[in-house]
Each structure stands twice: as structure tokens, then as C-alpha cells.
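J.: Quick one: this structure, given as C-alpha cells, is what I'll be asking you about.
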Amino acid sequence: MIGLSCCEKSCGKKEGANAETNTASAKDKGKWLVLTVIVIKMIMDGLDGSMLHIALPTISSDLGVASSSIIWAISAYSITTSTTVLFFGRFGDIIGKTRFYLIGIAIYALSTLVSGFTNSLAMLVVARIIQAIGASCTMANSQGIITMVFPQHQRGRALGIYGGAISLGTLAGPTLGGIIVAYMDWHYIFLLKVPIAVVALLLGFKFFPKDTPEHKEKMDYPGALLYIAAVVPLLYSLQEGYTAGYTSVFILSGLALSVFSFTAFFRLQRRKAMPLLDLGIFKNPIYSVSILTAFILSFTNSFRGIIIPFYMQGVLGTPPEIAGLYMSISPIIVLMITPVSGFLTDRVGGEKLAIIGQTVNLVGLLLMTTLTKESYVISMVVYFCIINFGTALFQAPNNTLIMSSVPRDKLGIGGSASMSIRNIGSTLGIAFTTAILYGGMSRKLGYHVVGYVRGSGQEDAFMFGMRNAFFIASGICLLGIVASILRIVTIRKSGAPAEQDDE
């Protein structure tokens, strides 16, 4: 009996150990399936803009509207995501990031279906606004969910894959969009994404973790309205400022409203017991500096997105289809390097790796200032790839530092604040680039210009404005490197690890 009892105990221990192993294996598999769903959605987000951009002339012709009007199919989406992502990140902390993420996919799928059946610009813009709301729900909570399910030693790799996913969508978008427009109908740009969104939704219901907030909190609706009243006129005024003139009454009124609303918003947030934006997260210098460097990267990256297409096609005379092929190389670089950067972050830490990425980015920006009218297009492509290599090295460690420095119950607002600041940085960068580029051209030519026309003798003026823009971008990038060095000094002085494992 004693021998049998010992055998039973031994078998029981083995069975218990096997059960624990199976549970751990299932949990490990589950978190990668969660990341798969988030990656699928991020790829669709990348496809959204890049596919639609190439189809805008066809849509404009089909709907019978001017090209200046059809751009609102893009602008409405961009402005909506910038103004709502913070709101939905806070909602994620209140009712659960998982629940709100799945709500976002459902809204996105339905609005994408509606977009595929639109027959007027007004209907398309409304559908795109609703689609942006769904996208904001997922953008605001994706990094929080990743941080929630992945331990610290795997977080960099997961966030690196996450960062590369949108590059894959950006890479595939122009090609897929061109094929759809050429051989199908532009409506399928939306319709083909619907079944993918439905699959992501079903997988999310099955594999996403249960996420029940520990504390009951309320939404700060007055704060949300003030934030919208601050961001919308700011982004619109900056986008239209150079064309309309920054001294126009309309633009100045928009900027004044934005300043007033931002002032009221921050005063309200300091007084509220449950604010929309918990300003306490910015007391952590690691989070604040990491947010600042993310803003700077988005800001400076906007320079190349605006300038390079005109330089390639206008100054160098590269055909659009060839220019598009060259431009697709950079997302491949990001796609390849971000997972490697994430892996290195998990192994050696993110602080120094982020500085290396910023430094490589700075080298690429400085090389851009050496381009001339006689430069070979391959030179520009190499410099462009250097910038993207630095960007890819930087993103994973910086994202890891951001999300690992936020308390677990603030992951939603921490991630959404990061996304909101990046979006605002990108929009401000576009406005700033436009002002620097065309402002420089105007000074060089002696008259006001708001665009570049190839063959009109503007090449020298364009190169002057382009060089100024990249010099300024380099200086701003250098400020980001200084901020990252100060982050390391702060970490060492505090004696605390940059990344906290909250498991």
C-alpha cells in the first residue's frame, strides 16, 4: 500500500507538472496569437492610406469632384484619428482594453463595408470618419495589450514586430491599390479588407485576454471636448496656413482657438480627480523623454515624405512608376530591421540602441543636404535607406521604454497619448516642411509660390528650400539625441531600471 501510495504521488506530481507545462505552453501560444491579430489590424491601417493615395485620381474622376476636394477622403481620416485616439485610450483603461479593441475592429469592419458602396464624396468622407474612429479604438489600445500579455524580456521583440507591421501595409499598398484600380473597381480597395477585419475580430474574441479594470472610473467628457477643440483647429490651420497665409483672419482665429482650448484643457486636467489625460504619467522622466523623442522622429520623418517624391519626379525626372518602386525599398528596410531591433532591445536594453538609431537617422538627414540636381537617383535611395535603417533601430527600444514606464492600470492612456503625440508630430512636420520648402523657394525666386512646377525654372529654388529643410531636420534630430542622452543620465542617477516587469 505504501509503495502504491508513493507511485500515485509520483504520478500525481508528473501529471501536475505536465498540466503546468501545457498551461504555460498554451499561454505562450496565446500571446503570439494576440500579437498576430494586432499585426493584421496594423497592416490594414498601413494599407488604408497607401492604397487610397494611388486611387485618388480615379475616385475623383468617378465621383465627379475636384482633386482638391477628394483629398478630404485622406484628411478627414487623419484628423479624426489624431483627435480621438487619446479619448479611446482612456476608455480602454475604464472599460477594458480588450473589449474596446474588439469594438474598434467591429466599427472598422462595418464602416469599411459602407465605404466600399459609396457613390458620393460626402458619403465617402462620413464613412472614412467612422472608419477612423474604429481605427483609433485599436491604435489607442494595441500597445497596451501587447505590454499586458508579453513579459518584459519579450516585450521589445513584440513591439518591434508591431512597428514593422504598418510598414508592410505601407509597402504593399501602392502595388495592391494600383492592381485594384487597373483591373477591378476602386470600391474593392475597401471591400477586400472587410473579410480580413472579420477574421481578426473572430480571432480576437477567441484569443484576447480578459481585461477587467481594477478600479471603477469615469470618462472626462469636458476634457475630451476641450482636447478636440484644441487639436482640430490646430491641425487644420497648420495644414492650410501656408496656402491661405498665416496672417489671414481665419488661420489666426483657428490658432487662437487652439491655444485657448489647450490652456483650458491642461488646467482642467490638473483639477480633475479622473482626468482624460493623467498628467502624472509625465512625471516619469523616462516616459516624458521617450515621448519627446518619438514626437521628434515623427516630425522629422515628415520632411522626407513631402520632399522626396517631388525631388525624384520633378528635379531628377524619374518616372512615377520607377519612383514608386524606389520608394518601396524603405518600408522593406523597416520591416526587416524592426524585429531585429526588438530582439536586441530584449537582450541589451533600449537606451543605447535608441541613441544609435537616432544617430544613424541624423547621418542620413545630413547626407540628404548634399544632393544636387545632378545627383544619381541611387544616391538618394541609399541616403533614404540609411534614414529608414536608423528609424527602424530606434522604434522598438523607444516604444518599449514608453510602455514599460507606464503603470499597468494606465497602459491605455499611456499608449494612446504616445500615438496621439506621434500623429500630431507628423502633422506639424508636414506643415513645417511646407513652410520651410516653399518659403525658401519664394525667397530664392522673389515671389510667393505654393507649389513646385517642373520645367518652370524652379529647380534651383526647390533645391535651396530642400537643403534648408533637411538642415533644420538634422538640427531637430540632434536635439532628440541630446534628450536620449539625458534619459540615460536620469536612469543612472535614479538607480531604477528603465524597464519594469509588471508581471
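J.: Going through G160, G156, G169, G204 one at a time, which residue ends up being farther than 25 Å from S330 by Cα and open to solvent by less than 10 Å² (accessible area, probe 1.4 Å)?
T.: Criteria check complete, one pass: G204.
J.: How many residues does segment 314-326 hold that are under 16 Å from F384 (Cα atoms) and either in contact with a helix residue (DSSP H, G or I) (Cβ under 7 Å, 6 or more places away or on another chain) or β-branched (V, I, T) (or both)?
T.: Of the residues in that region, 6 qualify.
J.: So which residues in segment 113-124 are assigned to a helix (DSSP H, G or I) and surrounded by fewer than 19 Cβ atoms within 10 Å (Cβ to Cβ), if there are any at all?
T.: If the condition is that a residue be assigned to a helix (DSSP H, G or I) and surrounded by fewer than 19 Cβ atoms within 10 Å (Cβ to Cβ), then L113, V114, L121, A122, M123 are the ones that fit.
J.: Here is a further query. Here are some conditions: (1) assigned to a helix (DSSP H, G or I); (2) in contact with a helix residue (DSSP H, G or I) (Cβ under 7 Å, 6 or more places away or on another chain). S379 meets all but one. Which one does it not meet?
T.: (2)
J.: Here are some conditions: (1) of a type outside the set (F, W, Y); (2) part of a helix (DSSP H, G or I); (3) open to solvent by 20 Å² or more (accessible area, probe 1.4 Å). D185 meets all but one. Which one does it not meet?
T.: Unmet for D185, out of (1) of a type outside the set (F, W, Y); (2) part of a helix (DSSP H, G or I); (3) open to solvent by 20 Å² or more (accessible area, probe 1.4 Å): (2).
J.: Let me ask you something else. N423 fails exactly one of the following numbered conditions: (1) open to solvent by 10 Å² or more (accessible area, probe 1.4 Å); (2) under 17 Å from the mean Cα position of the chain (by Cα); (3) at pLDDT 80 or above. What is the number of that condition?
T.: Tallying (1) open to solvent by 10 Å² or more (accessible area, probe 1.4 Å); (2) under 17 Å from the mean Cα position of the chain (by Cα); (3) at pLDDT 80 or above, N423 fails exactly one: (3).
J.: What pairs can you find where one residue is in segment 268-293 and in contact (Cβ under 8 Å) with a residue 12 or more places away in the chain, the other is surrounded by fewer than 16 Cβ atoms within 10 Å (Cβ to Cβ) and in a loop (DSSP other than H, G, I, E, B), and their Cβ atoms are less than 7 Å apart, with a gap of 6+ or different chains?
T.: Within 7 Å, the pairs are M274/E217; M274/K218.
J.: Okay, moving on. Quick check on this structure: which one of G223, G241 is in a helix (DSSP H, G or I) and in contact with a Lys or Arg (Cβ under 9 Å, 6 or more places away or on another chain)?
T.: Answer to the selection: G223.
J.: Filter segment 101-112 down to the residues that are crowded, with 18+ Cβ neighbours inside 10 Å and either in a loop (DSSP other than H, G, I, E, B) or touching a residue at least 40 places away in the same chain (Cβ under 8 Å) (or both) and list them by number.
T.: Result: Y101, L102, I105, Y108, A109, T112.
J.: Continuing with the same structure: Can you report the number of residues in segment 277-324 which are hydrophobic (A, V, I, L, M, F, W, C), open to solvent by less than 20 Å² (accessible area, probe 1.4 Å) and not in a helix (DSSP H, G or I)?
T.: Qualifying residue count, segment 277-324: 1.
J.: Inside segment 343-374, can you point out the residues that are part of a helix (DSSP H, G or I), open to solvent by less than 10 Å² (accessible area, probe 1.4 Å) and within 25 Å of I286 (Cβ to Cβ)?
T.: T345, A354, G357, N361, listed by residue number.
J.: Sort out which residues of segment 217-242 are in contact (Cβ under 8 Å) with a residue 24 or more places away in the chain and in contact with a Gly (Cβ under 8 Å, 6 or more places away or on another chain), and write them in order of number.
T.: The answer is P233, L234, Y236, Y242.
J.: If you don't mind, there's one more thing I want to ask. Does G96 meet the test of being of a type in the set (G, A, S), at pLDDT below 90 and more than 16 Å from the chain's Cα centre (by Cα)?
T.: Here the answer is yes, as G96 does meet what is asked.
J.: Next question, about the same structure. In this structure, is I251 assigned to a helix (DSSP H, G or I), at pLDDT below 90 and in contact with a Gly (Cβ under 7 Å, 6 or more places away or on another chain)?
T.: Against the criterion (assigned to a helix (DSSP H, G or I), at pLDDT below 90 and in contact with a Gly (Cβ under 7 Å, 6 or more places away or on another chain)), I251 qualifies.
J.: Output the number of the condition that A435 fails; it satisfies all remaining conditions of (1) open to solvent by 40 Å² or more (accessible area, probe 1.4 Å); (2) more than 22 Å from the chain's Cα centre (by Cα).
T.: (1)
J.: Scan segment 326-346 and report the pairs whose first residue is more than 16 Å from V360 (Cα to Cα) and whose second residue is of a type in the set (S, T, N, Q) and surrounded by 20 or more Cβ atoms within 10 Å (Cβ to Cβ), with Cβ atoms within less than 7 Å and a gap of 6+ or a chain change.
T.: Pairs found: P331/S167; P331/T170; L335/S167; T345/T400.
J.: Output yes when any residue across segment 128-144 is buried (at least 24 other Cβ atoms within 10 Å of the Cβ), modelled with pLDDT of 80 or more and more than 28 Å from V406 (Cα to Cα), and no when none is.
T.: Yes - at least one qualifying residue is present in segment 128-144.
The values are calculated or read from the model by the stated rules, or taken from the named source; none is laboratory data. Small disclaimer: the values here were computed from a predicted structure and weren't measured. FYI the Cβ positions are ideal-geometry reconstructions off the backbone, even for glycines, and counts take in every protein chain you see. Remember, those area values only see protein heavy atoms, side chains included, never the ligands or the DNA or RNA. Shrake-Rupley method; radii C 1.70, N 1.55, O 1.52, S 1.80 Å.
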